[in-house]
Every structure is written in C-alpha cells, then in structure tokens.
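S.K.: My structure is below; once you've seen it, I'll send some questions.
The values are calculated or read from the model by the stated rules, or taken from the named source; none is laboratory data. Since this is a predicted model, take the numbers as computed values, not measurements. Cβ atoms come from the backbone with ideal geometry, glycine included; neighbour counts cover every protein chain shown.
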RNA sequence: GCCCCUGUGGCGGAAUUGGUAGACGCGACAGACUCAAAAUCUGUUUCUCGCAAGGGAGUGCCUGUUCGAGUCAGGCCAGGGGCACCA
C-alpha cells in the first residue's frame, strides 16, 4: 500500500503552479480584455502580526475554493493578496524591543507570506501590496488631496475621543463601551484640530445602497442600517423670551408638543456656555457633567440631572405658555441640535427628569382602550400608539397624522420643518502616531493648511525616529516637519499626524486592479475588475471596515477614480475558529500541547500530572492559550488535510471547533482517497477509454451516483455549502470503495468515476488532486482543467422510493418507476400489508399522492 | 431597554424549502486481520417496550393551520449577537 506523502507532493505542485504562472495575471491588456467573464474574489487582507493563525487558514481556504472553482468554470479570476501593514503593534514592538516598525513589519510579512504559500493558495502574488510601502501610501496621499479639493475632507476643532494609553485619537466606531478598541483604556474627551472625512454627506446614499446588496448577509446590512441610524422628525425653533435668537431642537415626536413641559440643552451647547459665563453655579454644573465621562458604568448609574438656566421659551402652539430651559446631563451635543424639548408623559428619560424637578406630566397620546378622564402616567412613560388628546388642533388624530399636522403648522408659522437626522457622524482620521500614512498637508502661519502639491508627493515617513517616549515620534522629530509653504514660500510645518489605518483598507481592493499604476488606480483596470464579486472575511468588520470602504468607493466615484457606487457585490462572513480551553488548578491558562486528554473525559498536565480544568470552546486567542499553530498542522498533515478539515462539518458562516480528532479524521480521509486510486491503478484501462453506453447493473448505478454527485457538489459550492459538498465526497468515496468492477466496462466506469472525483476535490485539496490526476496519466495541470459537465440524462433515477403514510404516519415504503402515474402509486400503496394493517379494515376516505414523493392514506 | 439571529442524537451537523427526520463526519461499541499494537476493513449506534416479529415517543415548550409541520402562524422559554441617555 503506498502512503501519500503530503509534504513532498505539496512542495512539488506548488512549484509547478509557480513555474506555469497559473495564477499570476500580469497587468497586460489581454488580462483585462479577455473573452472570459471576470470574477474578482477577495479575502480581507491580513494584518502582519507575526504568524498566520487558524482564522486566516479558514478565511483563505474558503476564498481559495471559490477562486479555483470559478477559474475551472471558465471565469477570468482575480485573486490577490496584500498586507494591512500600518498600525500600532509595530510601534509597540519598537518601544518594547527597540526594533524599527518597518523592519518588524516587513519581517512579519516575509514569515506570513511563506506560511500562506504553504497552503497552496491560487493567489496572484505578482499583485501583492503592503499599505506601509511608499508605493501604496503615496497614492493614498493623492486621494487625500483629491478629497480635500472635492470638500470630502475637512478640518475642524472638535471634542475627540482620546485614548490615554495609545496616546491617540479614536473614531467613534473605535470606542466600545467607552473604551479604546485596542487598548481597552477609558476614553477621555479632548479638544483638538482634526481632519475629518465627510461620511455624513453620504448617509442617505449609504443607507439606500444597502437595499441593492442582495448578496450580503442580512445581519450585516441591518447592523449598518442601525449604525447610520436614520430618524425622521422635525426641527422646532422655540422663541426665547427676552432674546432675539431661537432655541433649535430636533424631535421625532412633534405630535406630543402639547405635552411639553421643559426644554433641555446639552452641557456642551453654546447657549449653555453663555449662561455659564454669567453664572458660576451653571459653570460648576457643566464641569460636573463633563467629568462624568461616557463610560458604560457612568451612563448606567447616572441620574438624570439638570440645571435651571432661568431662560424660558414660548410654546409654539400655546401663546400663553412658556417652558423652562434646563441644562441636562443626558442631552448629547453630537446628536440633533444638542437641545430637546421634554414631553415627560411619552418619553422615559423626560419623565425621570420631570419627576425629579417636579415638572408637569401631561399625557397627550391616549392608548386605544384607555379612558381619557382617568388616563394617567405614573412611573412609566407611554410610548405606544394612540390618539392625540389634550392637544388642541391635534385632538383625535392618530400619531402619524398628528406628526404631520404639527409639522405643517410649525412650517406655516416659520417655526420649524420636517427633518431627517442620522446617528452617523463624520469620520475623524487624524492619529498622533508614527506608523501610518502621513497626512499630506503643510500648515502655514499665513496661508493656513495647504495640501502638499502632487509633484512633492509622497510625503515619506522618516526612518530616524525614536520610540523611547510616549506621544508622536513624528512631532518630536528634530527636522522632519520643518518645510516651506507651497503657496507663499514662507517657513511652515508639516502635519505630523498620520491617517487612521482604516483609511488604508478602505480602497486596497481597488488598488489590486492596477497595483503598480502611477496613479492611485488605473480607470480601465477598475472598470474591468470592480466590483469585487465575492468578498470574504470576519463579521467583526460588519460596521467599521465595510462601511468605510463603501463610503470610500462613493467618494472615489465623486472624484472620478471609479465608476460605481458599491465595492463589494457579494459578501460572505465566515465564523471563528474555536478550541477547547484549559486551566490548571490555579486558574492559569494552558496550551493544548501541555495537556494530555484521558479516556474518561478528564485531562491532566503533561509534565506535572496535575488535573486540568476543561473549559468551554472559545475563539482561539493568545491570551486564552487555546491556539493551534497552522504551520505545525501543515507540517504534520499537509495543507490539503488542514483545508479539508476547515471545510468539513461546520457551515462556513458558523463558528467551528478545532479538534485533534477532527484533523485526524480529515487526514485519514486524505489517505483513503489516495488509496482509492492506488489500489485500483493497475487494473484501470488506459486514459481516454470510453465507457460503453449500454452500461448496466452496478456500473450503471455507480455512473448515476457519481454524476449526481457532480451536480450536487457544484450546487453546494455555488451556495457556500462546503460542509455538504465534503459530505458528498465522503458518500461517493463510500460508493467507490464498495464497487468491484465485473468487466472491462466496469473498469472503464471506475476510471471515469475516479477522474470526476479528482476534479471535484481540486478546489479543496488541490495538491492531492494534482497528484492523483497525474497518476491517472494526465500530463497537463488539473488547475488548468475545466469544471466537469453534468450529463442530465445520467443524474435521473429509474426507480424511486415513495413513503406511504396512513393518517400522516409513515407505515411503509414502495418502490416505483420514476414518474409512475398517481393511480399506480395509490394501488401499490393500498396493497402493502403494513398499510392495510394500519388501516385496520377501514376504507380510505381520501388518498393524497405526491408524485415521486409520498402517498398519504386518510381513513 | 431596543433591534436581530439560533434552538434537531453523546458531539459537529444534513433534510430536495410543507412530503420517508437524523445524510456525512467525529466519538462509542462489537467483529475481522495481527504474537501484539498501529493502520485498515466489516457491522451497530435517536430514545423506549419487546427474545423476536413488531409497536410507542421524538426536532426547546405550548397552541394553531394542514391529508401531512424540523420547516408556516401566534404565544412562551433558553442561548448568542448588535446598538445603547440618539430626543
């Protein structure tokens, strides 16, 4: 019995693919104007953290199956790889180990590239890019300049999220529960001048664009919808007593205006600042509010607090009524106009506030079955539907009608109009870090911020920087920032901030179309390749990266770099790779290789013999030590086995558990496929032997089974049901294993079957498939073979088994010719002894026959 | 609190979209080969009553629609995820 040597075989085929240039597609004319339809498959590019992990293996295996399958189906496939190479860990390495971020990053890239190559991926390495390479970020700086010119990027003084540990500003999207997404440090508020991308200008477009993304998971679209957070409502401008200016508020409930009992300002509202200027106690109150911070605990425990400014506004519908104006700690400056009107009866926060400050609570929406005389609001606001009452001209209207009527009246009086608000805010991209794309702007004392002219790009990161102190190495570099103003020629300083690394990943998919172009992208190339037909990555990027990339594409379209609004036509979010966790009795995490599993389900420490506490399966992470090194697995079992296991069992969108038993099972199956070939090789007829058309018996059954597998396998791949596709190969292997050819026709059939199976497993286990293909006598690469055609005549069965039910309960099965008439099926069913027994001598009241499926006898 | 998703054997999961529940794999058990082990091969494996032939129950729980429900509807329960002082 010959044993399959994965290591040797895999090396061999990887170098053959390389030599043949199978997957590298240089940027020539032919590549982009071929007769074949294009297909762009892309997996989210990795951050070069050091080594690849199992999550990468899963991600890139899925992508590779798609790439190889589409290639075999005749598509002109683009499947590139690159590195999301800027970011903080490189600077941390510099601080901790005195190694330059560039050196650390490029070393990691080299390691990880070599590891990815071990996987045998059908990747076009000629198009490899790294975002930290000046060839990439120079183009990004051009995009920044173009966006500046188009007004998509702007500078403003703003209160920002300051991460005290990473010493940088974070975008709202990067603050999770009031903590930095990387450092987990409590975020502080600071005032800084920052660069912003005007993503809010695209709010509606980004929202509406989601409708067309029918090959995206509904879950991701929903998350983005919620994140954009569109609310329809009204702007109301209240007259302030004794003043000329007005107080502008936003509300989604203009129908409850008659129930208003106060207005409230955010502590950061300009009017609040004005009040504070003349009132020390207001100032103290505002300071208190700001100290509270935005952490989760702070919000959960914070009481609704307010400060009465003494100002009063006039009610727009009730000339004789005025409302007090408070400064309130629960009003956000960032949303709406930073001011609200409070209707305590129908908003819980307003109610809490009103009870604390003894403000009136007037219900104005009556629930359907409530009595207007007795309806009162106690400690819970009524936020449901109902009919307006206590509301003057709105009385009797439903909520929606009342909203419209209230807005019409406000508009007629010039006191307001209908408004749409978004939760989405502009994207602050300035980061006070070194290892990022320098913002190509020069600050001139006379001309202000001036973009670096294109002929002076790129603004290259200096190499000679120090990491021995916290803060921004660029800012403290002795000479780098000193320059002259491109406009007036006077002395000026460079912007020392770099761009958020999410900018780098917002357009890399476009750069892959023309990775060496002198411009950010070659319009002809992007017009040909974009959109990405299938994007594959983790669901953790459902909001940040995917929303930014969508915004960027629209911005790129606006400045003429691309001609389409959406970058990713299809999105697939794969689940995480999990592993059991282990702790010693002291609660210290243990690595899987430190643990010996015992037969009774318990485990012990391999060295000390101490009992080990088995924890539940969690996503692999260094901190929990439940990681398995892909390189070690590939070294032991080969890439094909690792790939096969990744695709088996768990549906790709779900989390999967990595187990030793599972990999070993995949390994055994790899060997089994190999044996299936080598055990039969000597008896097979030569390549190209035709199978006779008048096949019968077991050989015909085999032919049907195999062709059905070809059909079903292809369907499964199209629908990303890799686990089912794997199961089908197991099934067909079982069938083949049991097939003993009786004659020459049978042997020809066996050859045909083996060849088909080899071609099917090609996308999943490419090395094994090549080796088997070669052993079957083929000279060319399987990678260049077309996908097998399905012969419809061969997938149809002659006989079908129907279930027979009596009163909906299965009692028997009957075998019938395919498409047998219904009365034949009925007759057969009613003649079955088990059916007769179940009918218990009664006559059939009704018989339902579903062709080729089922017979149900009702008695 | 609001929004969304998921509940099927010991485990991962199938189920032609309303038509034979448990494909396939893992694990387990039994057997063959072997001096023995590994590897391999052959069975069995939802639970339950029965020696058997056969029966009964069964897709988180409860109701309903239907000749027929894992699949559809309504109401619960449990787990997971997203957002969260958003006016």
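S.K.: Looking only at residues that are within 9 Å of RNA strand B (Cβ to nearest atom) and surrounded by 13 or more Cβ atoms within 10 Å (Cβ to Cβ) in region A:834-846, which one is nearest to residue A:816 (Cα to Cα)?
M.R.: Among those residues, the one meeting the criterion is A:834.
S.K.: Which of the residues that make up region A:474-492 are surrounded by 16 or more Cβ atoms within 10 Å (Cβ to Cβ) and either assigned to a strand (DSSP E or B) or free of Cβ contacts under 8 Å to residues at least 40 places away in the same chain (or both)?
M.R.: Residues satisfying the conditions are A:477, A:480, A:481, A:483, A:492.
S.K.: Please specify each residue of region A:453-495 satisfying the condition of being touching a helix residue (DSSP H, G or I) at 6+ places or on another chain (Cβ under 8 Å) and farther than 22 Å from residue A:431 by Cα.
M.R.: A:454, A:486
S.K.: Among the residues of region A:352-362, write down those that are within 16 Å of RNA strand B (Cβ to nearest atom) and either assigned to a loop (DSSP other than H, G, I, E, B) or in contact (Cβ under 8 Å) with a residue 40 or more places away in the chain (or both).
M.R.: Within region A:352-362, A:352, A:353, A:354, A:356, A:357, A:359, A:361, A:362 qualify.
S.K.: While we're on this one: Restricting attention to region A:117-128, does a residue exist that is more than 30 Å from residue A:9 (Cβ to Cβ), within 27 Å of the chain's Cα centre (by Cα) and either modelled with pLDDT under 95 or surrounded by 20 or more Cβ atoms within 10 Å (Cβ to Cβ) (or both)?
M.R.: Taking region A:117-128 and keeping what is more than 30 Å from residue A:9 (Cβ to Cβ), we get none.
No, the conditions are met nowhere in region A:117-128.
S.K.: Among the residues of region A:725-740 satisfying the criterion of being in a helix (DSSP H, G or I) and more than 21 Å from residue A:763 (Cα to Cα), which is nearest to RNA strand B (Cβ to nearest atom)?
M.R.: Looking only at region A:725-740, we keep the residues that are in a helix (DSSP H, G or I), and these are A:725-737.
Right, trim to more than 21 Å from residue A:763 (Cα to Cα) and you get A:735, A:737.
Details: A:735: 9, A:737: 5 Å.
The residue in question is A:737.
S.K.: Within region A:306-351, track down each residue that is in a loop (DSSP other than H, G, I, E, B) and more than 8 Å from RNA strand B (Cβ to nearest atom). If you could, list the steps in order and put the result at the bottom.
M.R.: Here is the first cut: in region A:306-351, the residues in a loop (DSSP other than H, G, I, E, B) are A:315-321, A:329-338, A:343, A:347.
Those that are in a loop (DSSP other than H, G, I, E, B) and more than 8 Å from RNA strand B (Cβ to nearest atom): A:315, A:316, A:317, A:318, A:319, A:320, A:321.
S.K.: Of the numbered conditions (1) within 13 Å of residue A:754 (Cα to Cα); (2) surrounded by 18 or more Cβ atoms within 10 Å (Cβ to Cβ); (3) within 10 Å of RNA strand B (Cβ to nearest atom), residue A:702 fails exactly one; give the number of that condition.
M.R.: Of (1) within 13 Å of residue A:754 (Cα to Cα); (2) surrounded by 18 or more Cβ atoms within 10 Å (Cβ to Cβ); (3) within 10 Å of RNA strand B (Cβ to nearest atom), only one is false for residue A:702: (3).
S.K.: Can we say residue A:744 is over 16 Å from residue A:788 (Cα atoms) and touching a helix residue (DSSP H, G or I) at 6+ places or on another chain (Cβ under 8 Å)?
M.R.: On the way: over 16 Å from residue A:788 (Cα atoms): yes; touching a helix residue (DSSP H, G or I) at 6+ places or on another chain (Cβ under 8 Å): no.
Taking the combined requirement at face value, the residue does not satisfy it.
S.K.: Listed residues A:731, A:653, A:744; which is touching a residue at least 12 places away in the same chain (Cβ under 8 Å), surrounded by fewer than 18 Cβ atoms within 10 Å (Cβ to Cβ) and in contact with a strand residue (DSSP E or B) (Cβ under 7 Å, 6 or more places away or on another chain)? Spell out the reasoning first.
M.R.: Numbers: A:731 fails: in contact with a strand residue (DSSP E or B) (Cβ under 7 Å, 6 or more places away or on another chain); A:744 fails: in contact with a strand residue (DSSP E or B) (Cβ under 7 Å, 6 or more places away or on another chain).
A:653 is the lone residue from the list that is touching a residue at least 12 places away in the same chain (Cβ under 8 Å), surrounded by fewer than 18 Cβ atoms within 10 Å (Cβ to Cβ) and in contact with a strand residue (DSSP E or B) (Cβ under 7 Å, 6 or more places away or on another chain).
S.K.: Please note which helices (runs of 4 or more DSSP H) are completely contained in region A:770-859 and include at least 3 residues that are more than 30 Å from residue A:640 (Cβ to Cβ) and without any contact (Cβ under 8 Å) to a residue 12 or more places away in the chain.
M.R.: Working: elements: A:792-795, A:822-831, A:833-839.
Filter on region A:770-859 gives A:822-831.
Yes/no per residue for (1) more than 26 Å from residue A:159 (Cβ to Cβ); (2) without any contact (Cβ under 8 Å) to a residue 24 or more places away in the chain; (3) outside any loop (DSSP other than H, G, I, E, B):
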site	(1), (2), (3)
A:402	yes, no, yes
A:409	yes, no, yes
A:417	yes, no, yes
A:425	no, no, no
A:433	no, no, no
A:446	yes, no, no
A:450	no, no, yes
A:455	yes, yes, yes
A:461	yes, no, no
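S.K.: Let me ask you something else. Which condition does residue A:85 not pass, out of (1) farther than 30 Å from residue A:718 by Cα; (2) within 24 Å of the chain's Cα centre (by Cα); (3) part of a helix (DSSP H, G or I), if it passes all the others?
M.R.: (3)
S.K.: Ok, one more. Go through region A:496-612 and tell me which strands (runs of 3 or more DSSP E), entirely inside it, have 1 or more residues that are on the phi < 0 side of the Ramachandran plot and within 29 Å of the chain's Cα centre (by Cα). Talk me through it step by step, then tell me what you get.
M.R.: Numbers: elements: A:534-538, A:571-574, A:577-583, A:595-597, A:603-605.
It comes to A:534-538, A:571-574, A:577-583.
S.K.: Select from region A:403-415 the residues that are closer than 20 Å to residue A:319 by Cβ and crowded, with 17+ Cβ neighbours inside 10 Å and write down the one among them that is nearest to the chain's Cα centre (by Cα).
M.R.: Residues of region A:403-415 that are closer than 20 Å to residue A:319 by Cβ, as a first pass: A:405-415.
Keeping just the survivors that are crowded, with 17+ Cβ neighbours inside 10 Å gives A:405-407, A:409-410, A:415.
Numbers: A:405: 42, A:406: 41, A:407: 39, A:409: 45, A:410: 43, A:415: 43 Å.
Only one residue tops the list, namely A:407.
S.K.: Mind counting the residues in region A:526-543 that are touching a helix residue (DSSP H, G or I) at 6+ places or on another chain (Cβ under 8 Å), closer than 12 Å to residue A:59 by Cβ and within 16 Å of RNA strand B (Cβ to nearest atom)?
M.R.: 3
S.K.: Further, regarding this structure: Just to check your reading of the model, which residue among A:690, A:639, A:666, A:712 is touching a helix residue (DSSP H, G or I) at 6+ places or on another chain (Cβ under 9 Å), within 30 Å of residue A:780 (Cα to Cα), more than 13 Å from RNA strand B (Cβ to nearest atom) and modelled with pLDDT of 90 or more? Steps first, please.
M.R.: On the way: A:690 fails: modelled with pLDDT of 90 or more; A:666 fails: more than 13 Å from RNA strand B (Cβ to nearest atom); A:712 fails: more than 13 Å from RNA strand B (Cβ to nearest atom).
Criteria check complete, one pass: A:639.
S.K.: Where in region A:169-279 are there strands (runs of 3 or more DSSP E), lying fully within it, with 2 or more residues that are within 11 Å of RNA strand B (Cβ to nearest atom)? Outline the logic, then answer.
M.R.: Values: elements: A:188-197, A:231-240, A:246-251, A:262-265.
Once the strands (runs of 3 or more DSSP E) in region A:169-279 are filtered for at least 2 residues that are within 11 Å of RNA strand B (Cβ to nearest atom), what remains is A:231-240, A:246-251, A:262-265.
S.K.: Another one. Can you confirm whether residue A:146 is surrounded by fewer than 18 Cβ atoms within 10 Å (Cβ to Cβ) and either part of a helix (DSSP H, G or I) or at pLDDT below 95 (or both)? First the steps, then the outcome.
M.R.: Numbers: surrounded by fewer than 18 Cβ atoms within 10 Å (Cβ to Cβ): no; either part of a helix (DSSP H, G or I) or at pLDDT below 95 (or both): yes.
Criteria not met by residue A:146.
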